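Notes to accompany the following structure.
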Amino acid sequence: MSLYDIDDPARLKKINAALVNRVEQAIDQQRNAFSLFQTAISLEGQIRRRTDELTSALHRVEEINVELARQKDISEKANRSKTQFLAAASHDILQPLNAAQLTISSLYDLQESDKARAMVGQVERSLDTMNELLRTLLDISRLDAGVTTPRFTSVPIPPILDSLLSDLRPIAEKKGLRLRVAVTNDCVYTDRLMLRRALQNLISNAIRYTDQGGVLIGTRRQGDRISIEVIDTGRGIPEDQQEKIFEEFHRGPLAEGDFDQGTGLGLGLAIVSRLVTALNHEVSVNSAPGKGSIFRISALRASEPPAVRTGESVQSVPAPANANLAGKKILVLENDPAVLEAMKGLLATWGCDFKMARSTHQALTALDSNSWIPDLIIADHHLDFGNLGTDTLVHLFGILPVRVPAILATADASEAVVEQAASLGVEHMRKPVKPAQLRALATHLINGGE
């Protein structure tokens, strides 16, 4: 049936409405399809832009990574250069000072008048001050450059303080001060040498700025930490100065006539601050002018003590009652001409029978004859032709018919060298060497450590 055959208006209206509805739906579908098409085109454009941006960002990241790798390489080279420079500085700067201190000791023995001896003594004190300044500046440089890094272990506190006080008690007694200790038998997790240096500086400072009374070193348990305290009855520090005291060359005023007037360098607490930071410890101070000060180093407690380690400080070996080296045979391994000449003069003054060698080959040649066996070997660590004192000592110990005591006297105070000396069973002395300490230790070793 066609539309022309339908004569019912209502029915025609229904058919018309249905057709109109279909047309509208078709138009809506086309409109939606077009809208989806436009949306798809828009999304495709956004995706393309985001892809381009991401590709560009990845290229930039690659460029940044390449630059970071280059900068890291530059930084590592700079650190290696700093390490090499500091090692060279330690050796090259301290070697002439070592020669000067050895020579001045020989010069003192040659003086006949008290006035001349006093003048030589003044030069010697100036050399000591220069030595302390150079050592401290080099230590600060090593810490700032990251060359000196801690070797953490369980360290008992009492042996460190026993060693320190044997060195510092005479200075305190000279000022009429009491130096007391009240410590627990605890261990802390730290680097033994670095903690020792920090405590040495704190105690020395307390003695320097205390006129009456004394200094007390004690420990206090605080949970899982130990607080090592240096308490003095000194002049105290104003509150507005208590942060500045840890800065380089900041120095409190000394009273006129002080025992070390003019010798303080203002670097002791700067070293303490750097050491404590490197050790992950904490340092604090409480002080009041005219009442004294309390310096505290807080460190983690360690539950197990380490194996006993001897040789805490060869510098503190007491001089034997009979420090006579006359006729003793001493082999010196040294390649610095100035130090060699100074050692010759010093050993001649002591009446020693000595031989000098600048390398391993010369040392072996010096001992080629079994008729000359040294009573003691004094060796620098860096010799001619790149030879090392530790290696040379191994060669010598292998050919000598008896075990000969030895001293490794070197400006290299790194933990590695100290451990090498300990493994060889020889003493380590840090240059510049003080003649009196060298003589005391030499006599001590030759006499079998008695």
Scanning for something open to solvent by less than 60 Å² (accessible area, probe 1.4 Å), in a helix (DSSP H, G or I), farther than 27 Å from Ile228 by Cβ and in contact with an Asp or Glu (Cβ under 8 Å, 6 or more places away or on another chain), does the stretch 103-117 turn up at least one residue?
yes
Counted residues in the stretch 284-301 being of a type in the set (A, V, I, L, M), within 17 Å of Leu195 (Cβ to Cβ) and either surrounded by fewer than 19 Cβ atoms within 10 Å (Cβ to Cβ) or modelled with pLDDT under 85 (or both) come to 1
Of the numbered conditions (1) at pLDDT 85 or above; (2) touching a strand residue (DSSP E or B) at 6+ places or on another chain (Cβ under 6 Å); (3) not basic (Lys, Arg), Ala413 satisfies every one except a single condition; which is it?
(1)
Can you pull out every residue in the stretch 416-432 that is open to solvent by 10 Å² or more (accessible area, probe 1.4 Å), not in a strand (DSSP E or B) and not hydroxyl-bearing (Ser, Thr, Tyr)?
Ala416, Val418, Glu419, Gln420, Ala422, Leu424, Gly425, Val426
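Residues checked against (1) open to solvent by 10 Å² or more (accessible area, probe 1.4 Å); (2) in contact with a Cys (Cβ under 9 Å, 6 or more places away or on another chain); (3) over 30 Å from Arg142 (Cβ atoms); (4) part of a helix (DSSP H, G or I):
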residue	(1), (2), (3), (4)
Tyr189	yes, no, no, no
Arg196	yes, no, no, yes
Asn201	yes, no, no, yes
Leu216	yes, no, yes, no
Thr219	yes, no, no, no
Ser227	no, no, no, no
Gly236	yes, no, yes, no
How many residues are on the phi > 0 side of the Ramachandran plot and either touching a residue at least 60 places away in the same chain (Cβ under 8 Å) or β-branched (Val, Ile, Thr) (or both) when one looks only at the stretch 138-196?
1
In the stretch 51-61, is there at least one residue being assigned to a loop (DSSP other than H, G, I, E, B), among the acidic types (Asp, Glu) and modelled with pLDDT of 65 or more?
no
Out of (1) at pLDDT 90 or above; (2) open to solvent by 60 Å² or more (accessible area, probe 1.4 Å); (3) charged (D, E, K, R), the one Asp380 does not meet is (2)
The one condition Val394 fails out of (1) open to solvent by 70 Å² or more (accessible area, probe 1.4 Å); (2) in a loop (DSSP other than H, G, I, E, B); (3) among the aliphatic types (A, V, I, L, M) is (2)
Counting only residues that are open to solvent by 30 Å² or more (accessible area, probe 1.4 Å) and either out of contact with any Pro (no Cβ under 7 Å at 6 or more places or on another chain) or part of a strand (DSSP E or B) (or both), the stretch 433-450 contains a total of 7
Given the conditions (1) open to solvent by 60 Å² or more (accessible area, probe 1.4 Å); (2) farther than 28 Å from Ala436 by Cβ; (3) of a type outside the set (Asp, Glu), which single one is not true for Ser141?
(1)
Looking at the stretch 172-203, which of its residues are modelled with pLDDT under 90 and of a type in the set (Ser, Thr, Tyr)?
Thr184
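The values are calculated or read from the model by the stated rules, or taken from the named source; none is laboratory data. Quantities reported herein were computed from a predicted structural model and do not represent experimental measurements. Backbone-built Cβ (ideal geometry, glycine too); neighbour counts: all protein chains shown. Only protein heavy atoms, including side chains, enter the accessible area calculation; ligands, DNA and RNA are left aside. Shrake-Rupley method; radii C 1.70, N 1.55, O 1.52, S 1.80 Å.
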